[in-house]
1. Could you count how many residues in segment A:128-153 are more than 13 Å from residue A:244 (Cβ to Cβ) and not hydroxyl-bearing (Ser, Thr, Tyr)?
2. For residue A:115, are the conditions met, namely being within 21 Å of residue A:290 (Cα to Cα) and in the same structural domain as residue A:257 (by TED's automatic domain parsing)?
3. Looking at residue A:53 and the list (1) in a helix (DSSP H, G or I); (2) within 27 Å of residue A:182 (Cα to Cα); (3) among the basic types (Lys, Arg), which single condition is not satisfied?
4. Please work out which residue is least open to solvent (accessible area, probe 1.4 Å), limiting yourself to segment A:329-345 and to residues that are outside any loop (DSSP other than H, G, I, E, B) and without any contact (Cβ under 8 Å) to a residue 12 or more places away in the chain.
5. Just to verify a result, which residue in segment A:148-165, among those that are assigned to a helix (DSSP H, G or I) and near RNA strand B (Cβ under 10 Å from one of its atoms), is modelled with the lowest pLDDT?
6. For segment A:1-44, which positions are farther than 23 Å from residue A:116 by Cβ and among the aliphatic types (A, V, I, L, M)?
7. Look through A:232, A:181 and report the one residue that is open to solvent by 10 Å² or more (accessible area, probe 1.4 Å), within 16 Å of RNA strand B (Cβ to nearest atom) and closer than 13 Å to residue A:142 by Cβ.
8. Go through segment A:236-255 and report how many residues are among the polar types (S, T, N, Q) and surrounded by fewer than 20 Cβ atoms within 10 Å (Cβ to Cβ).
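The values are calculated or read from the model by the stated rules, or taken from the named source; none is laboratory data. Just so we're clear, the structure is a prediction, and the values are computed from it rather than from any experiment. We place every Cβ from the backbone using ideal geometry, glycine too, and count neighbours over all the protein chains shown. Calculation scope for accessible area: heavy atoms of the full protein, side chains included, ligands and nucleic acids excluded. Shrake-Rupley method; radii C 1.70, N 1.55, O 1.52, S 1.80 Å.
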Amino acid sequence: MSIKIYNTLTRKKEELQTLEPGKVRMYVCGVTVYDRAHIGHAMSAMVFDIIRRYLQYRGYEVRYVMNFTDVDDKIIQRANQRGEDPFTLSERYIREYQQNLADLNILPATVNPRATNEMAQIITMINGLIDGGYAYSVDGDVYFRVKMDEDYGRLSGRQLDEMQAGARIEVDERKENPLDFALWKAAKPGEPAWEAPWGQGRPGWHIECSAMNLHHLGEQIDIHGGGNDLIFPHHENEIAQTESLTGKPFARYWVHNGLLNLSGEKMSKSTGVLITINDYLTQHSANAFRMLVLTSAYRNPLAFSNEIIEQAERGVERLQSALRPGMPGTDGISSEAERNLGKQADATRAAFIAAMDDDFNTAGALGSMFDLVRALNQARADGATSGDLEPAQATLLELAGVLGLRLQPEDDSGSQAADPFIGLLLDLRQDLRKQKLFDLADGIRQRLLDLDVLVEDTKEGSSWRWSKRA
RNA sequence: GGCGACGUGGCCAAGUGGGAAGGCAAGGGUCUGCAAAACCCUGAUCACGGGUUCAAAUCCCGUCGUCGCCUCCA
């Protein structure tokens with residue numbers, strides 16, 4: 001069985017065939033660091049984190065590149081407003097974003113190139129495009145000549161003459177064609193600038209991604225990803241630049257995630273409709289956000305609301321419920337029941353892989369995991385010991401790990417430290433219950449709950465766990 | 001105006017020609033001093049209208065609705 005990926009370029013699911021067997025070269029458009037990142041950025045990063053983890057699970061060696069756009073108009077504007085150096089500003093937001101990603105359990109990229117570190121490559125590329133007649137300079141600006149690219153528009157399904165140039169923005173009369181886009185912008189006084197044959201300036205937005213791809217992955221790559229708002233013009237322009245220069249097909253698979261909606265509207269920095277990742281994490285867990293992303297198809301728009309994220313949080317708890325140990329003092333289940341649990345674990349893994357192979361159908365994969373959750377909880381209710389449950393639990397943890405869900409607390413040193421004291425309280429409470437002093441026993445339970453310690457009584461005794469955990 | 005996506009039970013959502021997954025919520029039950037958890041049970045004329053087919057949530061046409069892109073955007 002092979003992996004199928006929906007390719008925006010062909011609008012079909014295609015079998016993944018990498019340039020080099022067993023290796024995937026993958027590039028995902030990162031963020032422009034002029035402000036805090038929001039949960040829409042988090043969604044995109046998470047979608048590609050899941051894809052990357054799954055490819056690795058299926059045995060691919062993944063070289064994963066995600067860039068930072070650390071010089072552009074908005075960064076300069078914001079820095080000027082604050083009387084701050086633009087590079088100090090961008091550096092701060094890069095650090096913050098990397099922390100956000102770590103907090104969300106998103107694996108770091110193999111390389112995180114920055115536009116400002118790629119100037120030599122960018123200038124070389126622009127030179128090459130000018131030499132080939134694909135670009136021209138005007139007053140220190142350099143533009144890409146879209147007419148020279150015969151299949152311009154094929155990613156976004158547009159024809160040059162169909163597009164209403166200037167429909168929403170004034171046409172720059174100096175351009176040969178309104179759709180020609182900037183490769184290089186001449187510097188205004190006081191702006192950060194680099195030396196180039198056409199004068200001082202800085203790169204346009206699209207060229208940096210082409211340059212970084214060339215530099216860090218080569219002329220051809222396997223997967224190029226990003227939000228579907230980047231299809232046009234950003235990715236269209238990347239294709240135009242890179243292919244005009246190399247004469248080779250650029251990315252084999254173009255993968256785009258749907259956008260996150262907040263109260264029915266796209267979240268975006270420019271409209272101010274957004275929730276930052278920092279704000280999100282003060283209210284909810286990283287697992288819940290991942291669960292939210294996993295329960296829907298990555299290509300569809302995703303609605304965000306408190307109700308929906310709470311549902312996701314409950315879903316995570318249900319997955320976690322299957323990892324609890326067996327009841328103490330039971331005889332275990334029959335060997336047949338144990339075999340059946342093992343069969344369910346194998347069936348779940350097979351269904352999981354089949355779903356994920358089909359264009360990363362995470363919702364389907366989760367569905368099979370919940371089948372295993374039920375089987376585990378049934379076995380426990382039937383008297384399985386921890387040892388009986390362990391192999392199937394290991395499978396569940398394995399699959400959760402592939403999706404990047406952390407079902408067990410990464411660091412339970414807090415629990416270990418608290419354990420003797422809570423144990424003491426539970427012993428005390430047990431005595432009170434024996435004496436039928438239920439008001440006092442219930443009081444202790446409530447006070448512990450106020451401290452996020454959830455106490456559960458069973459026939460064999462009381463157990464506790466944290467009621468809120470990232 | 002052009003291009004594209006989507007509309008499945010109260011909420012989220014998978015499934016794209018032949019048995020409507022799963023999660024959350026709700027109700028009933030088992031267990032329990034109570035609670036919680038877990039387990040068992042309960043629910044869908046798949047937006048609407050035509051058409052193709054032995055057979056349609058799934059394919060085709062149309063209508064309505066929601067959203068994205070066409071400007072910077074994940």
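1. 6
2. no
3. Checking residue A:53 against (1) in a helix (DSSP H, G or I); (2) within 27 Å of residue A:182 (Cα to Cα); (3) among the basic types (Lys, Arg), the one that fails is (2).
4. Among those residues, the one meeting the criterion is A:335.
5. A:162
6. If the condition is that a residue be farther than 23 Å from residue A:116 by Cβ and among the aliphatic types (A, V, I, L, M), then A:1, A:3, A:5, A:9, A:16, A:19, A:24, A:39, A:42, A:43 are the ones that fit.
7. Unique residue meeting the criteria: A:181.
8. Summing the residues that are among the polar types (S, T, N, Q) and surrounded by fewer than 20 Cβ atoms within 10 Å (Cβ to Cβ) in segment A:236-255 gives 1.
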